[in-house]
Amino acid sequence: MSGDVILKVSNLAKHFPVTRGAIFRREVGRLRAVDGVSFEIREGETLGLVGESGCGKSTLAKCVVRLLEPTSGSIIFQGQDISKLKGRALREMRRNLMMIFQDPISSLDPRMRVNQIISEPLDIYNYGTAAVKRARVHELLELVGLRSEHFNRFPHEFSGGQRQRIGIARALALDPKMIVCDEPVSALDVSVQAQVLNLLADLQAEFGLTYLFIAHDLDVVRRVSTNVQVMYLGDVVERGTRDELYDSPRHPYSAALLSARPEADPRAARTKTRILLEGDVPSPLDPPSACRFRTRCPRAQELCSQVTPELSGSPETVALGEGHEWACHFPVAQWPLATPEDIRLANSSKLGR
Amino acid sequence: MTETQVQEATQSRRLLARQRKLRSFGRLTKEFRTDTAGVIGGVVLLSFIVIAIATPLLFSSDELDRTLQIDQPKLASPSGEHLLGTDDKRRDMLAVLLWGSRTSLSVGLAAAVFAITIGALIGICSGYFGRWVDAVLSRIEEWFLVIPTLPLAIVLVTVLGGSLRTIIIVIGLTSWAGSARLIRAQTLTVKQRLYVERSRGLGAPHRHIIRRHIFPNVMPIILANLTLTVPVAILSEATLSFLGIGSFERESWGKTLEAAHAASAIRLGAWWYFLPVGILITTVVLSFTMVGNAVERVVNPKLRER
């Protein structure tokens, strides 16, 4: 089902300068929110992007839709480098690249009615006469499972799931090729999450949409994604197809994330072992040298602070032609970790820090 | 659908929209009615406005012409014939006051609208565009904030000539800066909202964002500010007239005070010459302020908890 590469991001970085002084500004530091990220998405695919809070997921998404100016790197969308587009060309690009936000209430203007909200993109791009636009809004309402009588209501009259549906209808208004979903369901109840995810999947099947899907909920990402990418402190630490990554995570951080996932079955939960990471995520103002995860990694060794591990697969995965890659000198070999003994084995390469 | 069905559908939709508007208006007025001071101010203000509008029916403008009043007593104290006495030009004080209220209220309103228009324009531009636009506009604002208003107004009126229009312009020019500040601040917070960012992500031009998102969301602040600027403008008008640099065309409250001063009304004990005017000015200014505070509380839910 994978088609041509629709989005190719190379070495994308977004640094926020930290300045001091009102008149004579001087830069006292740089917050490296996203630091040299590269990836590709093929048409019709969903790339899931996971990572804990503050790892640069949302910054990456905003750079991709050009809500933030990337510091360096290139973003090739439909064969065109959009990282430096301006004016009319930027507007034309935006028609095809929409975004859905996390918080469905604050992303809807409280003083606008649903029809105004959904037809806003139509107004901006002069879609047609008022009657044509109205017909399109009704069509979109139906498409996302809202009713025509919702046409004239205000956002505060809706439930969370319905608001997110409004956000989706609005993103679909101009028939985009790709939608960046920034935590689209994390503000919703679990049952409503499922409905919205199903809606997104249906729309993808119907219109051949491509998604960049950001979430911190691993199960949500597993459900929607074709490929998954794990971020830590502004960088990608592991990526692969969904099943490769969930069935045999190789990077210790991915393994820790997966082991921390809540288990629905209480019996399984009792025997489940977790890899507990020590400490907090280091400050992106001053990330650790070489491997950024080494300060919290149970497997870290001397080498990790000297040589930056590159994203690459093992000889076997490369030979199999799999796209599974990780950035670690001492990847996890065995998964799942069933007993504490396994964890000790998995961490056995740890020779002291 | 047939033609008539479509028409019916549109009609019912319009009806629904109208009902909803009425309901939300009802909610706001209900909120307003819980504010006793605001209600009192509103009632007082409303009666002032009604009387000002009806003045020509009560007193003909001939009453103001001193050449037609030679048969009247000079500086007479209140009586059945002249409820508030007469002034040194033998005119009926009540007529003078009511005709003056027309000028004072309309000049106050017009000047406030003018001031808020400038303030909103500059505040929104400065808050929305930021950077050097904000820097330049903010410096201009500060200049108008720190400069002593009265001397500036006196100079401006002297230069531009003392017509009613120049008074309005001068008051507007000297009192927009404060509201520009407030509107700028509100614009800054609205600008950061997610829906503005999303609109930007859609490729919306600045004009669209300002008109569709920023303006409707700062409108409540603009309204509250307007009602709070009117009393300031009325006072300014009275001040300028009292100083003798107001409009020479029409009677106004400030001018009455000035005339009372010139006629040494206090020394002569003609309290009806200056007291009612003073009370009127104070009452109108106070009720405008009370209404303004109530409006501000209604449109700004954050103030309600206090």
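Quick notes on this one:
- Residues satisfying the stated conditions in segment A:21-34, i.e. over 18 Å from A:Met99 (Cβ atoms) and either surrounded by 21 or more Cβ atoms within 10 Å (Cβ to Cβ) or assigned by TED's automatic domain parsing to the domain that holds A:Ala290 (or both): A:Arg32
- Looking only at segment B:211-225, and only at residues there that are touching a residue at least 24 places away in the same chain (Cβ under 8 Å) and among the aliphatic types (A, V, I, L, M), the one that is surrounded by the most Cβ atoms within 10 Å (Cβ to Cβ): B:Val218
- Qualifying residue in segment B:213-225 (condition: over 22 Å from B:Leu137 (Cα atoms), within 14 Å of another protein chain (Cβ to nearest Cβ) and in contact with a strand residue (DSSP E or B) (Cβ under 8 Å, 6 or more places away or on another chain)): no
- Residues satisfying the stated conditions in segment B:228-287, i.e. in a loop (DSSP other than H, G, I, E, B), surrounded by 14 or more Cβ atoms within 10 Å (Cβ to Cβ) and acidic (Asp, Glu): B:Glu251
- Selected residue (criterion: nearest to A:Arg170 (Cα to Cα)) from residues of segment B:182-206 that are more than 7 Å from chain A (Cβ to nearest Cβ) and buried (at least 20 other Cβ atoms within 10 Å of the Cβ): B:Val196
- Sole residue being under 30 Å from B:Ala263 (Cα atoms) and polar (S, T, N, Q), chosen from B:Ser126, B:Ser138, B:Ser60: B:Ser60
- Close pairs (7 angstrom Cβ cut-off, 6 or more residues apart or separate chains): assigned to a helix (DSSP H, G or I) in segment B:57-70, not hydrophobic (A, V, I, L, M, F, W, C) anywhere: B:Glu63/B:Arg91; B:Glu63/B:Asp92; B:Leu64/B:Arg91; B:Leu64/B:Glu251; B:Arg66/B:Lys89; B:Arg66/B:Arg90; B:Arg66/B:Arg91; B:Leu68/B:Asp62
- Only strands (runs of 3 or more DSSP E) whose full extent lies in segment A:38-157 are considered here, and the ones with at least 2 residues that are within 11 Å of another protein chain (Cβ to nearest Cβ) are A:97-100.
- As for segment B:27-36, it holds at least one residue that is outside any helix (DSSP H, G or I) and exposed (fewer than 14 other Cβ atoms within 10 Å of the Cβ).
- Meets criteria (within 14 Å of another protein chain (Cβ to nearest Cβ) and under 23 Å from A:Val65 (Cβ atoms)) for A:Leu188: no
- Check on A:Gly208, on the phi > 0 side of the Ramachandran plot and surrounded by fewer than 16 Cβ atoms within 10 Å (Cβ to Cβ): yes
- Criterion (over 30 Å from A:Arg292 (Cα atoms) and crowded, with 19+ Cβ neighbours inside 10 Å) met by exactly one of A:Ala171, A:Ala194: A:Ala171
The values are calculated or read from the model by the stated rules, or taken from the named source; none is laboratory data. As the structure is a prediction and not an experimental result, all values here were calculated from the model. When we count neighbours, we look across all protein chains shown, and the Cβ atoms used for this are built from the backbone with ideal geometry, even at glycine.
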